[in-house]
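The structure appears right after this line, and notes come after that.
The values are calculated or read from the model by the stated rules, or taken from the named source; none is laboratory data. Here the structure is a predicted model, which means the values were calculated and not measured. FYI the Cβ positions are ideal-geometry reconstructions off the backbone, even for glycines, and counts take in every protein chain you see.
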Amino acid sequence: MKGRDYTGSDGRFVPPAFDALPFFSLSSLQMSSPRKTSPHPSPRARRIGIHLSTTGGVAKAVEHAPEIGANTLQIFSASPRMWRASKISAAQAEQTRAARARLDVGPLVIHTSYLVNVCSQTEEVRQKSILAFRGEIERALALGAEYLVLHPGSYRGMTREQGLALAAESIAQAIDGLPWQGTAFHILIENTAGAEFSLGGSFDQVAELIARLRPHAPVGACLDTCHTHVAGYDLVSETGYQETMRQIEQTLGAETVRVWHCNDAKAARGSKLDRHEHIGQGTIGLEPFRRLLNDPEFAHAAFIAETPVDAPGDEERNVRALLALL
Ligand SMILES: [Zn+2]
Ligand SMILES: [Zn+2]
């Protein structure tokens, strides 16, 4: 299946319509509305960005993105290491929307707090996680964010099947009653490095969780190149890349993948060690990123680096390293 281009004729970001997704294929068949396609995608049709700090406010982060060559970004909407979070004010939400419209920055991706574990065996932690994740969704909707990325969690103490069921139940509970309908908002389940008891170490597991969530929530996938590589998939050799993409197509479907986290890896393929490296300087190297960024199957996706910041200018260097591959 060919990837669709969700950029408008002028290269601006147009969020994909719900019925453009494979999991809404029934309704799209019934409605049979004509789809707009962009005959001449601009050279900046790809959405490329990086995780940025929101010190000074979300609107400031949005304004900073184009200064470093980015036209999309990821943020935390609250401290990722604290359970308590403050609400997004109406003024903050409005400034963010205005800055995004003015600068054509999008999609806006929010990464969920590291504390959230929707399949914890400890009931207290799971209840706190559901509440915190509900807050994440509320803030994402207030900010008009398209995507909220979630690590599926750790099922230590349970079977994988129990963990999967609990994760789906918790996420469905967290979004229950919130007004996401009619928005572009999607929860994206991220694949993990495949460490013991961590859910989502394979495309299969991510696909299974997404399938369970579809009746309850707008869902898609976020794939991380570092996690994919250290989980054991081959992105590096030409044939390995093709085989990995085939597996993505068979499990998730390329269109379900809304975001690619573009991170090189410090550790070896299959090591299950999640240590991000600067683009082109790790065990993945530049070529796989070139293939991915130019892959027509993912023309609709946003590519966002979560690379280390070891020195001033590292964020811009990593964005420019990705841009140079187009
Ligand atoms: Zn990631
Ligand atoms: Zn990671």
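Can you pull out every residue in segment 256-278 that is within 12 Å of ligand 2 (Cβ to nearest atom), crowded, with 17+ Cβ neighbours inside 10 Å and touching a residue at least 60 places away in the same chain (Cβ under 8 Å)? Show your work before the answer.
Applying the first criterion (within 12 Å of ligand 2 (Cβ to nearest atom)) to segment 256-278 yields 261-267, 272-277.
From the residues that got through so far, the ones that are crowded, with 17+ Cβ neighbours inside 10 Å too are 261-267, 272, 274, 276-277.
Result: His261, Cys262, Lys272, Asp274.
So which residues in segment 132-161 are surrounded by fewer than 18 Cβ atoms within 10 Å (Cβ to Cβ) and of a type in the set (S, T, N, Q)? Correct list: Thr159 only. Being in a loop (DSSP other than H, G, I, E, B) and either away from ligand 2 (no atom under 16 Å from the Cβ) or in contact (Cβ under 8 Å) with a residue 40 or more places away in the chain (or both) is not true of Gly220.
Being of a type outside the set (Gly, Ala, Ser), touching an Asp or Glu at 6+ places or on another chain (Cβ under 8 Å) and closer than 21 Å to Thr54 by Cβ is the requirement here; does Thr307 meet it? Lay out the reasoning, then the answer.
Working: of a type outside the set (Gly, Ala, Ser): yes; touching an Asp or Glu at 6+ places or on another chain (Cβ under 8 Å): yes; closer than 21 Å to Thr54 by Cβ: yes.
Criteria met by Thr307.
Among the residues of segment 295-308, is any over 17 Å from Gly194 (Cα atoms), more than 16 Å from ligand 2 (Cβ to nearest atom) and in a strand (DSSP E or B)? Taking every residue of segment 295-308 in turn, at least one turns out to be over 17 Å from Gly194 (Cα atoms), more than 16 Å from ligand 2 (Cβ to nearest atom) and in a strand (DSSP E or B).
Residues being at negative phi, away from ligand 2 (no atom under 16 Å from the Cβ) and assigned to a loop (DSSP other than H, G, I, E, B) are entirely absent from segment 93-102. Under the condition of being farther than 14 Å from Val219 by Cα, within 16 Å of ligand 2 (Cβ to nearest atom) and not in a strand (DSSP E or B), the residues counted in segment 154-195 number 4.
Arg212 passes every criterion in (1) part of a helix (DSSP H, G or I); (2) crowded, with 22+ Cβ neighbours inside 10 Å apart from (2). For segment 113-131, a residue qualifies if it is more than 18 Å from Leu213 (Cβ to Cβ), charged (D, E, K, R) and buried (at least 16 other Cβ atoms within 10 Å of the Cβ), and exactly one does: Lys128.
Out of all the residues in segment 279-311, which are under 20 Å from Phe76 (Cα atoms) and crowded, with 22+ Cβ neighbours inside 10 Å?
Filtering segment 279-311 for residues under 20 Å from Phe76 (Cα atoms) gives 301-310.
Scanning segment 279-311 gives Ala301, Ala302, Phe303, Ile304, Ala305, Thr307.
Just wondering, is there one or more residues in segment 83-94 that are of a type outside the set (Asp, Glu), within 19 Å of the chain's Cα centre (by Cα) and modelled with pLDDT of 60 or more? The answer is no, given that none of the residues of segment 83-94 is of a type outside the set (Asp, Glu), within 19 Å of the chain's Cα centre (by Cα) and modelled with pLDDT of 60 or more.
Identify all residues within segment 257-311 that are among the polar types (S, T, N, Q), closer than 16 Å to Thr244 by Cβ and either away from ligand 1 (no atom under 14 Å from the Cβ) or at pLDDT below 95 (or both); write none if there are none. Walk me through how you get there before you give the answer.
Restricting attention to segment 257-311, the residues satisfying the condition of being among the polar types (S, T, N, Q) are 263, 271, 281, 283, 294, 307.
Add one more test, that the residue is closer than 16 Å to Thr244 by Cβ, and what stays is 263, 283, 294.
Within segment 257-311, Thr283, Asn294 meet the criteria.
In contact with a helix residue (DSSP H, G or I) (Cβ under 8 Å, 6 or more places away or on another chain) and within 14 Å of Phe303 (Cα to Cα): does that describe Ala59? Spell out the reasoning first.
Numbers: in contact with a helix residue (DSSP H, G or I) (Cβ under 8 Å, 6 or more places away or on another chain): yes; within 14 Å of Phe303 (Cα to Cα): no.
Against the criterion (in contact with a helix residue (DSSP H, G or I) (Cβ under 8 Å, 6 or more places away or on another chain) and within 14 Å of Phe303 (Cα to Cα)), Ala59 does not qualify.
Please work out which residue is farthest from ligand 2 (Cβ to nearest atom), limiting yourself to segment 223-241 and to residues that are part of a helix (DSSP H, G or I) and closer than 30 Å to Phe185 by Cα. Let's see the steps before the verdict.
Our first condition is that a residue be part of a helix (DSSP H, G or I); within segment 223-241, this holds for 225-230, 238-241.
Subset that is closer than 30 Å to Phe185 by Cα: 225-230, 241.
Numbers: Thr225: 10, Cys226: 6, His227: 6, Thr228: 10, His229: 11, Val230: 9, Tyr241: 20 Å.
Going through the qualifying residues, I end up with Tyr241.
Could you check segment 185-209 and list, in sequence order, the residues that are within 16 Å of Glu136 (Cα to Cα) and either buried (at least 21 other Cβ atoms within 10 Å of the Cβ) or of a type in the set (Val, Ile, Thr) (or both)?
Filtering segment 185-209 down to residues within 16 Å of Glu136 (Cα to Cα) leaves 185-190.
Once the filter is applied, which keeps residues that are within 16 Å of Glu136 (Cα to Cα) and either buried (at least 21 other Cβ atoms within 10 Å of the Cβ) or of a type in the set (Val, Ile, Thr) (or both), segment 185-209 yields Phe185, His186, Ile187, Leu188, Ile189.
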